[in-house]
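All remarks here apply to the structure that follows.
The values are calculated or read from the model by the stated rules, or taken from the named source; none is laboratory data. These numbers come from a predicted model, not from an experiment. Quick reminder, even Gly has a Cβ in these numbers, built from the backbone with ideal geometry, and neighbours come from all protein chains shown. Keep in mind that these areas ignore ligands, DNA and RNA; they rest on the heavy atoms of the full protein, side chains included. Shrake-Rupley method; radii C 1.70, N 1.55, O 1.52, S 1.80 Å.
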Amino acid sequence: MTNEFTSFDREMIMQRVQMAMSEKRFLHVLGVEKTAIELAKRFGGHIEQAALAGLTHDYAKERPDEEFELVIYRDGYDLNLLKYGNAIWHGLIGADFVERELKITDQAVLQAVRLHTTGAAQMTLLDKILYVADYIEPGRDFPGVEEARKLAEVDLDAAVAFETKHTLAHLLENEQLIYPKTLETYNQWVVKPKQFKA
Ligand SMILES: [Fe+2]
Ligand SMILES: [Fe+2]
């Protein structure tokens, strides 16, 4: 699955992505692509897959809610998903748009796009690369981003943990709905293994 990657037409994909979003978001996407390539080089990931995941991850971010709702009904998604908004839909369901419209067939890339906002208990190297690149790309500016960047220099798993913890804290702080997968990510990557007494 992962090894079936064939090179992609970057110009064509880039144009389609650019047409689907604001200039500001497109600059974010290019920042994520660049950062994902750097992380792939640093941690031994597949560079083209990282680039393609970065380039396509927010492809569906500016679609109207109605389009996502239609797909949730039509394609048999769990109807609980209707409670969640664009923040969850644009990755989880956005990957379907990437597959259908941009003709991306690499399942590893599609999975990374699907998981990029929530993470997951089980994440591949590519999943982690996209998840972290989206958080630390050069255009990001929020308290803690420098610490996240420093962690990502040396330890990708530590960067995943940092991002997950801070994302969850932000959701709690703002009393926002928490998608269960985000909790699974937290339980797996942030919670320290329990110390059992002998
Ligand atoms: Fe996103
Ligand atoms: Fe993004």
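Just the residues that are hydrophobic (A, V, I, L, M, F, W, C) and under 16 Å from residue 122 (Cβ atoms), please, taken from the range 142-198. 156, 160, 161, 183, 189, 190, 191, listed by residue number. The residue list 133, 121 contains one member that is within 9 Å of the chain's Cα centre (by Cα) and at negative phi, which is 133.
Looking at 40, 60, 36, 53, which one is free of Cβ contacts under 8 Å to residues at least 60 places away in the same chain and either buried (at least 24 other Cβ atoms within 10 Å of the Cβ) or among the hydrophobic types (A, V, I, L, M, F, W, C) (or both)? That would be 60, the only listed residue that is free of Cβ contacts under 8 Å to residues at least 60 places away in the same chain and either buried (at least 24 other Cβ atoms within 10 Å of the Cβ) or among the hydrophobic types (A, V, I, L, M, F, W, C) (or both). Any residue at all in the range 73-89 that is closer than 16 Å to residue 10 by Cβ, touching a Ser or Thr at 6+ places or on another chain (Cβ under 7 Å), crowded, with 16+ Cβ neighbours inside 10 Å and in contact (Cβ under 8 Å) with a residue 12 or more places away in the chain? Checked against the condition, which is being closer than 16 Å to residue 10 by Cβ, touching a Ser or Thr at 6+ places or on another chain (Cβ under 7 Å), crowded, with 16+ Cβ neighbours inside 10 Å and in contact (Cβ under 8 Å) with a residue 12 or more places away in the chain, the range 73-89 yields no hits at all. The set of residues in the range 117-154 that are away from ligand 2 (no atom under 16 Å from the Cβ) and open to solvent by 70 Å² or more (accessible area, probe 1.4 Å) comprises 122, 143, 146, 147, 150, 153, 154.
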